[in-house]
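Asks: After the structure tokens below, expect a handful of questions from me.
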Amino acid sequence: MTRTVHPIEVESFSILRSLVDLSHLDPLQRAVTERVIHATGDAGYASDLVLDESGLRQGRDALLAGAPVVVDARMVAAGITSRAVLCALDEPGDGRGPTRSAEGARTLSKKIGGGAVWVVGSAPTVLSEVLTAADAPAFVVGLPVGFVGAVESKAALVASGIPCIANRSTKGGSAAAAAALNALLYFEEET
């Protein structure tokens, strides 16, 4: 996807690169890490993110093939401006989930089946739904923030073997999750 990059973004990335050396990372790993640091202002993500280059490539390939993108919260959706998304909170609940977003995720998972790209920045319970769904996702951005279940849900995601972006700590959030997905959408192969 070709896009026009604003001069402020160019300057911001230049400053970021002068502060944090990510040259040891593979291209997609570097793109994701830079965009998450840029969106959050938190250089700690350089050592907190869990990224696998081949998994990132699988996620990018799924996006390029038109996989549906499902988000857990409207704040995540607001940060993804180059792609239509489905939001778990826009689905009717069934009263059987631990959270409203988990109920919506269950409903969406049944509607769309496998092969979707899930982007979670708010609700660890949505990661649990995605991991127990009958049909596997193509890729998951799992960066929910919080002190209750966030670390555990991200560890379960990484352990599942599903291609993903995750992190080790309690930090995360809508901006980080949207930025991680945007990195895959904006990435252009170097020629």
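The values are calculated or read from the model by the stated rules, or taken from the named source; none is laboratory data. Owing to the predicted nature of the structure, the values given are computational and were not obtained by experimental measurement. Ideal geometry is used to build each Cβ from the backbone, glycine not excepted, and the neighbour counts take in all protein chains shown.
Asks: Looking at Ala62, Ala77, Ala88, Ala73, can you tell me which residue is buried (at least 20 other Cβ atoms within 10 Å of the Cβ), in contact with an Asp or Glu (Cβ under 8 Å, 6 or more places away or on another chain) and closer than 15 Å to Trp118 by Cα?
Replies: On the way: Ala62 fails: in contact with an Asp or Glu (Cβ under 8 Å, 6 or more places away or on another chain); Ala77 fails: in contact with an Asp or Glu (Cβ under 8 Å, 6 or more places away or on another chain); Ala73 fails: in contact with an Asp or Glu (Cβ under 8 Å, 6 or more places away or on another chain).
Answer to the selection: Ala88.
Asks: Right, something else. Does Ala175 meet the test of being under 18 Å from Gln29 (Cα atoms), buried (at least 24 other Cβ atoms within 10 Å of the Cβ) and of a type in the set (Gly, Ala, Ser)?
Replies: Numbers: under 18 Å from Gln29 (Cα atoms): yes; buried (at least 24 other Cβ atoms within 10 Å of the Cβ): no; of a type in the set (Gly, Ala, Ser): yes.
Criteria not met by Ala175.
Asks: What single numbered condition from (1) surrounded by fewer than 21 Cβ atoms within 10 Å (Cβ to Cβ); (2) closer than 24 Å to Ala84 by Cβ; (3) among the aliphatic types (A, V, I, L, M) fails to hold for Val126?
Replies: (1)
Asks: Looking at Gly93, Gly41, which one is at positive phi and surrounded by fewer than 17 Cβ atoms within 10 Å (Cβ to Cβ)? So that I can check it myself, show each step before the final result.
Replies: On the way: Gly93 fails: at positive phi.
Result: Gly41 is the single residue among Gly93, Gly41 that is at positive phi and surrounded by fewer than 17 Cβ atoms within 10 Å (Cβ to Cβ).
Asks: Another question about this same structure. In region 62-83, what residues are more than 14 Å from Ala175 (Cβ to Cβ) and modelled with pLDDT under 95? First the steps, then the outcome.
Replies: Keep residues of region 62-83 that are more than 14 Å from Ala175 (Cβ to Cβ), which gives 62-70, 82-83.
Selection gives Ser82, Arg83.
Asks: Can you work out which of the residues in region 151-191 that are of a type in the set (Asp, Glu) and modelled with pLDDT under 95 is farthest from the chain's Cα centre (by Cα)?
Replies: So the first thing to find is which residues in region 151-191 are of a type in the set (Asp, Glu), and the list is 152, 188-190.
When the remaining residues are screened for being modelled with pLDDT under 95, the result is 188-190.
Values: Glu188: 18, Glu189: 20, Glu190: 23 Å.
Per the stated criteria, the residue is Glu190.
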